[in-house]
Amino acid sequence: MASHDNPDPTPRRERILAQLKADMGRLYGLGEAQVDAQISFIALGADSLLLLQASQSIEERFGIRIPFRLLMDEVDTPALLADYLDRELPPEGQPAAPLATVTPVVVETAGGGSALERLIEQQLELMTQQLALLRGAGSAAAPAAPRQTPRTVRRAALASPSSVRPAGLSFSSRQQRYVDGLVERLSRRTAGSRWLAERYRQPLADGRAPARLRREWKGICYQIAAQRGEGGRIWDVDGNEYVDITMGYGALLFGHSPPFLSAALEDHARRGMRLGPQNEIAGEVAELIRELTGVERVSFLNSGTEAVMAAVRLARTATGRDKIAMFTGSYHGSFDAVMARAPDFAHEGEPRALPAALGIPAPALHDVMVLDFAPESLAVLRRHGPELAAILIEPKQSRRPELELGELLRQLRALANETGTALLFDEVITGFRTHPGGIQALFGVTADLVTYGKAVGAGMPIGVVAGKSRFMDALDGGTWSFEDDSFPRADMTQVRGTFFKHPLVMTVARAALTELRQRGPALQRELGERTAELVRRLNRIFEDEDVAIRVNHFTSLFVFAFDGRLLAADWDLFFHQLLENGVYVWEQRVCYLSTAHTEADVDHIVHAVRETVVQMKAGGFLDVRRSRPEPVLAAAL
Ligand code: PMP
């Protein structure tokens with residue numbers, strides 16, 4: 001912002017608006033000119049995570065905190081936000097929040113590799129321009145002003161004379177008819193699930209519920225309640241049948257009712273809970289994991305989140321270091337120290353991490369750095385190597401299966417060897433699903449610590465932390481024998497849980513691992529080939545129908561990637577329509593095929609997708625040339 005020796009004649013509100021449009025544009029993957037000041041953030045394609053990022057960006061930029069809920073309801077357009085900030089900021093001439101030089105924003109994207117690549121390219125280009133600008137101006141961004149608390153946000157926002165309330169998404173009458181029809185039919189058809197959602201909204205606080213909430217079709221924003229699952233299908237409380245491609249978020253590699261499951265459950269029911277004493281088969285289960293994956297030692301927890309938490313703690317204990325590095329676009333569960341994102345504004349000096357959700361204190365991420373998949377990141381890692389306890393990475397990102405990381409993994413392996421850092425693979429999704437030995441075996445790169453979950457429990461709650469003795473020994477001090485004078489020697493930390501090695505979970509895991517051992521890598525290979533064929537058939541539909549969606553996959557995991565020119569509305573409606581056509585996909589939209597899916601199930605998926613495309617096109621959706629001339633990065637949701 002101009003200093004007051006040389007005042008900028010543009011009214012401050014206009015300058016704020018221009019800055020907001022630039023910032024929001026980058027956050028959304030758009031150019032500044034493409035952000036309409038009167039269109040609501042939601043209509044532009046934001047979900048709550050993006051709004052949270054917007055709220056944090058605004059605070060970083062202007063020093064004013066705006067709860068993201070307000071961005072949804074009250075101060076919900078760039079114009080209203082500019083009014084609000086102009087009112088809340090101290091008068092010009094007093095120390096004020098600077099409108100700092102524009103710097104690029106890193107947006108986490110889900111799916112849509114081509115959109116992502118474009119976005120990264122745009123950002124790199126922007127960064128180059130900015131660096132040139134900064135060099136030319138010889139100045140760095142001014143420090144942020146102290147935080148202010150918004151006073152009466154509601155009053156301020158609504159009192160704005162220049163406010164024009166947006167109408168949310170604006171549909172043509174044809175589109176509106178389509179949306180109304182879908183809402184009417186789907187809510188009638190799944191009335192039981194809808195009733196459950198409404199009846200228990202108050203007693204049951206459920207973080208999944210708001211995930212895809214949209215005003216425009218809120219009448220169908222509820223989860224389908226399942227009554228029964230069998231093979232690759234589920235039946236909801238209204239008796240509707242669906243082919244399930246959510247498959248327990250990837251946990252149900254063997255489907256809803258693997259043959260080995262009932263025997264394990266019966267065995268457990270006969271013998272009671274047995275919590276407390278050592279589980280008689282935990283050792284055997286550990287041995288099976290060792291055999292399949294090549295890890296040295298294994299420990300059991302209840303979830304992937306706990307496994308990652310434990311792995312980070314073990315790495316920190318064994319190295320005596322605190323810092324960890326991770327990568328953008330990853331998900332490692334909901335442990336504070338890994339719910340991190342890169343800051344929106346480049347800061348002088350070192351990479352940092354910011355909380356990816358409210359309620360996570362910034363100091364929890366003090367020793368965390370979030371890096372881009374960029375060559376510079378290797379230099380950063382090399383520089384910080386001696387301070388790094390762990391480099392944490394999803395060796396295949398579930399939301400971007402097309403992202404090829406093999407070479408990076410090899411480079412990270414070499415780097416971690418040089419610096420004594422733990423290379424930590426989060427294989428909660430890829431473990432056992434992609435190969436009996438997971439990505440380690442597929443790519444031929446050995447990690448120091450690995451986390452598993454999901455598939456190995458065949459639907460039971462499980463987390464596994466495994467790896468080299470050097471790190472795993474921090475759990476129990478290391479191995480020793482009754483027969484000599486050996487004793488635990490390694491420094492120990494604490495990772496404990498009431499339900500660790502739960503007898504029921506161990507019984508099911510043993511059965512799943514035994515099945516995996518018997519069937520060998522052919523199981524994953526064949527399932528991967530079946531998925532590839534499904535993906536080919538789906539992509540043929542999109543090509544034939546000239547629809548800008550493509551499906552990407554890695555082994556039996558697949559993701560519908562929406563072209564950046566489609567609207568967020570297309571993305572959401574696609575999955576609602578697919579549900580009406582008898583295919584169930586969860587809110588984060590990562591899909592899986594299981595060994596239980598039959599050819600008839602696969603045919604049903606193809607048929608349902610074709611129907612969905614035809615219905616949506618007839619309703620005026622899935623058309624990249626329609627209503628809005630500017631693109632919206634739907635895939636960024
Ligand atoms: N790591 C990865 C890569 C994941 O995908 C997930 C969950 N999807 C987790 C960790 C957390 O696992 P959980 O939900 O079992 O806590």
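The values are calculated or read from the model by the stated rules, or taken from the named source; none is laboratory data. As the structure is a prediction and not an experimental result, all values here were calculated from the model. Glycine also receives a Cβ, built like all others from the backbone with ideal geometry; neighbour counts cover every protein chain displayed.
Where residues in segment 420-437 are buried (at least 17 other Cβ atoms within 10 Å of the Cβ) and over 21 Å from THR555 (Cα atoms), which of them is farthest from the ligand (Cβ to nearest atom)? Restricting to residues being buried (at least 17 other Cβ atoms within 10 Å of the Cβ) and over 21 Å from THR555 (Cα atoms), the top hit is THR421. Any residue in segment 396-416 that is out of contact with any strand residue (DSSP E or B) (no Cβ under 9 Å at 6 or more places or on another chain), farther than 25 Å from GLU526 by Cβ and either of a type in the set (A, V, I, L, M) or touching a residue at least 40 places away in the same chain (Cβ under 8 Å) (or both)? Checking segment 396-416: at least one residue is out of contact with any strand residue (DSSP E or B) (no Cβ under 9 Å at 6 or more places or on another chain), farther than 25 Å from GLU526 by Cβ and either of a type in the set (A, V, I, L, M) or touching a residue at least 40 places away in the same chain (Cβ under 8 Å) (or both).
Looking at segment 2-10, can you tell me whether even one residue there is under 27 Å from LEU169 (Cβ atoms), over 29 Å from the mean Cα position of the chain (by Cα) and modelled with pLDDT of 75 or more? Checking segment 2-10: not a single residue is under 27 Å from LEU169 (Cβ atoms), over 29 Å from the mean Cα position of the chain (by Cα) and modelled with pLDDT of 75 or more.
If you filter segment 250-270 down to residues that are among the charged types (D, E, K, R) and without any contact (Cβ under 8 Å) to a residue 12 or more places away in the chain, you find that the one that is farthest from GLU526 (Cα to Cα) is ARG270.
Scanning segment 428-442 finds one or more residues that are free of Cβ contacts under 8 Å to residues at least 12 places away in the same chain and within 24 Å of the chain's Cα centre (by Cα). In this structure, GLU376 does not qualify as within 16 Å of the ligand (Cβ to nearest atom), in a helix (DSSP H, G or I) and either of a type in the set (D, E, K, R) or touching a Pro at 6+ places or on another chain (Cβ under 7 Å) (or both).
Candidates are the residues of segment 324-336 that are at pLDDT 95 or above and either more than 8 Å from the ligand (Cβ to nearest atom) or β-branched (Val, Ile, Thr) (or both); the one that is nearest to ALA357 (Cα to Cα) is ASP336.
Looking across ALA509, ALA466, ALA532, one residue alone is modelled with pLDDT of 95 or more, among the hydrophobic types (A, V, I, L, M, F, W, C) and more than 14 Å from SER299 (Cβ to Cβ). It is ALA532. Looking only at segment 461-496, residues that are under 30 Å from LEU253 (Cα atoms) and touching a helix residue (DSSP H, G or I) at 6+ places or on another chain (Cβ under 7 Å) come to 10 in all.
Scanning segment 379-410 for residues that are within 16 Å of the ligand (Cβ to nearest atom) and assigned to a strand (DSSP E or B) returns ALA390, ILE391, LEU392, ILE393.
The set of residues in segment 284-336 that are among the acidic types (Asp, Glu) and surrounded by 21 or more Cβ atoms within 10 Å (Cβ to Cβ) contains only GLU306.
Annotation note: Cβ proximity below 7 Å between a residue of segment 372-390 that is farther than 18 Å from SER330 by Cα and a residue that is of a type in the set (Ser, Thr, Tyr) and modelled with pLDDT of 95 or more (sequence gap 6+ or interchain) occurs for GLY385/THR419; GLY385/THR421; PRO386/THR419; LEU388/THR419; LEU388/THR421; ALA389/THR319; ALA389/THR421.
Checking each residue in segment 256-285 for being modelled with pLDDT of 95 or more and closer than 23 Å to ARG233 by Cα picks out HIS256, SER257, PRO258. Restricting ALA362, ALA357 to residues that are within 16 Å of the ligand (Cβ to nearest atom) and either β-branched (Val, Ile, Thr) or over 28 Å from THR434 (Cα atoms) (or both) narrows the list to ALA357. One residue stands out in segment 444-477 among those that are without any contact (Cβ under 8 Å) to a residue 60 or more places away in the chain and within 16 Å of the ligand (Cβ to nearest atom): the one that is surrounded by the most Cβ atoms within 10 Å (Cβ to Cβ), namely ALA447. Residue count for segment 277-308, restricted to those that are within 16 Å of the ligand (Cβ to nearest atom) and out of contact with any strand residue (DSSP E or B) (no Cβ under 8 Å at 6 or more places or on another chain): 0.
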